[in-house]
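Student: One structure is given below, represented as structure tokens, and several questions about it will come after.
Bear in mind these aren't lab numbers, they're just calculated from the coordinates by the rules spelled out. Just so we're clear, the structure is a prediction, and the values are computed from it rather than from any experiment. Here the Cβ positions follow ideal geometry from the backbone for every residue, glycine too, while neighbour counts run over all protein chains shown.
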Amino acid sequence: MSEFRFVIPENFAVEEADDFREKTNELFRSGMNHFILDFKNCVFIDSTGLGVLVGLYKKCEEMNGSVNLISMSSQVRRVFEMTRLDGIFDIVR
């Protein structure tokens, strides 16, 4: 099983989320369906960023893939908890 590791940028908002969506769509076309998303640099995520991650999760589910989130700050984790996405994503501290 090959995995693609992606470091989420410091601010994961509209522009960054669009770039991320394009990159992951390219990877899906090449057969990739296992992703590790490293949040070590991320301090802010907005609804667009969350939406792109949910889209990635859904696509991975359809393709028997996986999405793992790692190294998430408590600030960003709170956003996932408030939106209840912490119950959907596999978040590794």
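Student: Using modelled backbone amide H atoms (1.01 Å from N, in-plane), which distant-in-sequence or interchain residues come within less than 5 Å of residue 7's amide H?
Tutor: Residues meeting the criterion, in which the H sits 1.01 Å from N, are 38.
Student: Here's another thing I want to ask about it. Taking a point 7 angstrom from the Cα of residue 66 along the C-beta vector, which residues in the stretch 18-49 have backbone N less than 15 Å away?
Tutor: In the stretch 18-49, the label zone of residue 66 (backbone N under 15 Å from the point 7 Å along Cα→Cβ) covers 33-38.
Student: Moving on to the next point. What list of ³J(HN,Hα) values in whole Hz, one per residue of the stretch 76-93 in order, does the Karplus curve 6.51 cos²θ - 1.76 cosθ + 1.60 (θ = phi - 60°) give from phi, with Gly and Pro shown as x?
Tutor: Those phi angles translate into 6, 4, 4, 4, 5, 5, 5, 8, 6, 6, 5, x, 9, 7, 7, 9, 9, 5 Hz.
Student: Determine the calculated [θ] at 222 nm for the chain from helices alone, applying -39500 (n - 2.57) to every DSSP H run no shorter than 4 residues and normalising by the residue count; nearest 500 deg cm²/dmol.
Tutor: -14000 deg cm²/dmol
Student: Let me ask something additional. Under 8 Å for C-alpha pairs, at least 6 residues apart: give me the relative contact order for the chain, rounded to a whole percent.
Tutor: Here the relative contact order equals 31 percent.
Student: Please list, ordered by chain and number, the residues whose modelled amide H lies under 5 Å from the amide H of residue 68; skip anything fewer than 5 residues away on the same chain.
Tutor: Counting only residues 5 or more places away or on other chains, the set is 35, 36, 37.
Student: Then there is this: What is the sum of charges around residue 76, taking Lys and Arg as +1, Asp and Glu as -1, for the other residues whose C-beta is under 14 Å from the C-beta of residue 76?
Tutor: -2
Student: Residue by residue through the stretch 55-71, which ³J(HN,Hα) values in whole Hz follow from phi under the Karplus form 6.51 cos²θ - 1.76 cosθ + 1.60 (θ = phi - 60°), with glycine and proline marked x?
Tutor: Each residue's phi maps through the Karplus curve to give x, 4, 4, 4, 5, 5, 4, 5, 9, 6, x, 8, 9, 10, 9, 10, 6 Hz.
Student: Could you give me the ³J(HN,Hα) list for the stretch 16-24, computed from phi with Karplus coefficients 6.51, -1.76, 1.60 and θ = phi - 60°, whole Hz, x at Gly and Pro?
Tutor: Using θ = phi - 60°, the values come out as 5, 5, 5, 4, 4, 4, 4, 5, 5 Hz.
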